[in-house]
Structure formats: structure tokens, C-alpha cells
1. Calculate one ³J(HN,Hα) per residue across the stretch 136-149 by plugging θ = phi - 60° into the Karplus curve 6.51 cos²θ - 1.76 cosθ + 1.60, and present them in order as whole Hz with x for glycine and proline.
2. In terms of Cα to Cα distance under 30 Å, which lysines are near enough to Lys153, apart from those fewer than 8 places away along the same chain?
3. What are the lysines whose alpha-carbon lies under 24 Å from the alpha-carbon of Lys404, with same-chain residues fewer than 8 places away excluded?
4. If you plug each phi of the stretch 380-394 into the Karplus form 6.51 cos²θ - 1.76 cosθ + 1.60 with θ = phi - 60°, what whole-Hz ³J(HN,Hα) values come out, in order, with x for Gly and Pro?
5. Given 0.36 nm per residue, what is the gain on full extension from Lys422 to Glu319 after removing their alpha carbon distance, in nm?
6. Helix 335-357 versus the longest principal axis of the chain: what is the Cα-based angle in degrees, 0 to 90, to the nearest 10?
7. Quick one: which residues, 5 or more positions from Ala58 or on another chain, have an amide H under 5 Å from its amide H? H modelled 1.01 Å from N in the peptide plane, none for Pro or chain starts.
8. If amide hydrogens are placed 1.01 Å from N in the peptide plane, which non-local residues have theirs closer than 5 Å to the one on Ala187?
Amino acid sequence: MSAEPQESLYAAREPIFPKRVSGPFRNLKWIIMAVTLGIYYLAPWIRWDRGPSLPDQAILVDLANRRFFFFWIEIWPHEFYFIAGLLIMAGLGLFLFTSALGRVWCGYACPQTVWTDLYILVERWVEGDRNARLRLHRQKKWDFRKFRLRMTKWTLWLLIGLATGGAWVFYFADAPTLLRDLVTGNAHPVAYTTMAVLTFTTFLFGGFAREQICIYACPWPRIQAAMMDEDTLVVGYREWRGEPRKGSAEVRAGEEQGDCINCMACVNVCPVGIDIRDGQQLECITCALCIDACDEIMDKIGKPRGLIDYMAWSDEEREKRGGTAKPVIQHILRPRTILYTSLWSLVGVLLLVALFIRPDISVTVAPVRNPTFVTLSDGSIRNTYEVRLRNKHGEERPFRITLKGSDFLRVELEGTPYETVKVPADSTKLQRVYVVAPPGSEPASSALTDFRFWVEDTANGDRVHQDTVFNGKGK
């Protein structure tokens, strides 16, 4: 007996060629794409004067000096909580938009969506709209025309990918200088490697993988359900109004036809290739292009718009009975979204307060533990400390180091007989400081004595402090 052929568990991908559509949601996507790509490509070239000792690039991740510049804001390594706060705000913002409008982030502002839209625009410009691209795809023979069109398209895709990788590395170094080094071959190998990786991934993800990234690689479709409820506004099909469709068995049997004429316009424009009439699906990115396509058809056949629309599950039964949907504001302002908005606002306010109250100078004290103390020739006890002074000003500042906590302790600075040390502009200086207790004094005889280092910017009187301990001989 011959064995039965085993059914494959893997379905080969069917390439999707979305049709061009016009309407308010498509226009909104064009605007968002232009704004986001414009910011991404142009932001590294914006100049911002910070003085002679600081970089003049408005947005710069200065890895060499471990700092982040954003216009007038400068984030130091010990202030990473600002970055953490921004990431928390981004997460809460994603939760907020998803709970209110479904996967609206995925449909409009996700980088995968934006670059895929750009690549489809190039593809349409080179090969034509959906039908022309389908014919070219189904053409098995590679003649000169198909070769020319494909090579033109792929070349433009590669140039976009190269610009994408190039723009990314410009955020980590002075953009004009790095561009000159890249062109002349003098840039660091890391820059070329980063550009190559981003060029390849942009070319692959935006040109070929497309919807597969959204469906299989991105975890958000599997998480979003926890953010949504029956009042979330999502793109949906009014089945009660559209069914039975034109050409269906029910219509052929004599039932009155619904508004859906089965034109497939909603499917042909979908960038992930689904049929929204089948109900909510994991693949839907809520881009609303099917709404534009369906409204256009409804206008042509004289039916009211809204057969496919933003709607909430809680409104379905009400509309079936002839009622009207709740106002949009009632869907958006509900306990879940109010909670997310409150948390988002709270984190934002805390970050702003922390930004405005942070000092322009700071100090970190690290006692040297090996040895914990040294006995000098006159019997005095000396402790050593590594004091890290940070000057966030744009010019050199004199810092005076003193202590408070015991009348017997005195401060000595390595390399200078004075209590003042100069810290260069916008930099950190590591200063070794000695604290000495005279013989027989309480700090010298005790095991531990608490005291406080004070650092004063003598130029404007700003002061910061750090508490530490003095190690004596003990009893």
C-alpha cells in the first residue's frame, strides 16, 4: 500500500500588493509618514549652540563621553532615570492608545509600517498599481522589462535603506564630520558595520517581509488584547447592515441583499491582506485604509458611508436594534484610559520636576578601603577618599571641598595646599581627598565617625553634599 501524502503544516506566503486608495485615513498616514521620516532623517543636522567646549549638535548620543544631548537638555550617566522615565511614558502611551483605538500605533506610526509604506510607494511608482504589479509577479519569464523594473525598484530600496542606516549613525557623532569621514573612508569600522546592518534589515523588512514582521515577529498583536475591552474603538464591519452580500447563496435564494456588493475593495487595499468582514483578527493593524476604500464604493452606489468604520463591540447590539452608537468621547474617556492617562501624566510631571530641580554640580564620594586608614608619623589617623566632582556648566568652575560633622577632622586635597580645585567645563574630575584626625581625638579613637562632605561652587554659591564615614583605630 502506498503511503498517503502528508499534509504540510506550513503555508507558503502569498505576496500582498495593496491597491492605491485615497481618503482621510490615507491622507493622515501620508502626513504621519512625512513627519516621522522628516524628523528621523533631518534631526541629526539641527545645530544648537552650547558654547565652545560642548558639541553643537541638537540631538546627540555622545557615547565617548557617556552623555546624551537633546537641545538644551544634557543627560549624564548617573541621570539614566530620565531615560527610564521616558521609556515608561512610551509604554504607558502605547497602552493608552491601544485601549482607546486598538492597534493605532501599528497602523500609523510604527517604524515597520512607515518604512513599508515608503517602500510600497516606490514599488507603485516603478511598477504601477496593484494589477500591474500582480501581472509582473505572475510573469515567470524574466525579460528585459521585468529585469529593468525590478533592478530599479531594488536599487531605490537599497538607497532608502542606506539613508536609514546613515541617519542612525549620525545620532552618535557630529553629523557633518561623520559624513565626510564616511565618504572619504576614514570613519570607524563600527559606523560602516552599523550602516550595513540597518541597510540590509530595512531592505529586507520593508521590501520583502512586510506584513510578516507585524504578524509573526512583533509580540504586540498577542499582548494588545489585555489592553482592550468592549468599548475600545477598532476598525470593524457592520455585518447587520452589509449581509447578505451580493452574489451570496442567501441572495440567490431570494433574500434581500445588504449594502456589501462584494467588490473586495477593502481586501485589495489591506496592507496585511485580511478581509475585515471576517471580524476582528490578530493581523489587523487598524490602519483604516479599508474604511477609505469602502466609503468610496458606498458613495458610488448611493449607500451611506460607514459600512466599515471605527466602532466598539458594545455598540453592535444597540445599532442592530436601530439605535445609535455612544459618542466617541464616552468610548475614549473611561476608567481604563483615565488610569493610563493619569499614570502617564504623573511620570511626565515627575520627570519635569526632576529636570528643573537637578543641580548644576554634583559629587560622589568613594572611600578607599585598602587600607581603611593610615597611621601617620605623628600618630594622626588618615582616611583616603575618591571624590568625583561634576561640573555641568559650560565654563570652568572652582569647587571648594569642606566637611562637617566633627571639629577634629580636617581636609587635605592631593596636589594642592588649598581647599579649592578647578573642574573643567562640562566634565568630571576625580580628586583624591585625605581626611585627617589628630592623635587622641574622638574620631581617631572611635571605630566609625559620621561626617558630611560639602562641595561649593564658589562662582555662584551652589552647594551639594555627600554623607560618608571616617574609620578610626577603635578601642
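Here, each number is a calculation from the coordinates, and none is a lab measurement. Bear in mind that the values here come from a model prediction, so they are computed numbers and not experimental data. Every residue, glycine as well, gets a Cβ built from its backbone with ideal geometry; the counts of neighbours run over all protein chains shown.
1. 5, 5, 7, 6, 6, 7, 8, 8, 5, 5, 5, 4, 5, 5
2. Lys19, Lys29, Lys140, Lys141
3. Partners found: Lys422, Lys429, Lys473, Lys475.
4. After applying 6.51 cos²θ - 1.76 cosθ + 1.60, I find 5, 9, 10, 10, 10, 9, 9, 9, 9, 9, 10, 10, 8, 7, x Hz.
5. Extending this stretch completely gives an extra 29.7 nm.
6. In the chain, helix 335-357 runs at an angle near 30 degrees to the longest axis.
7. Ile46, Arg47, Trp48
8. Answer set, sorted by chain and number: Leu182.
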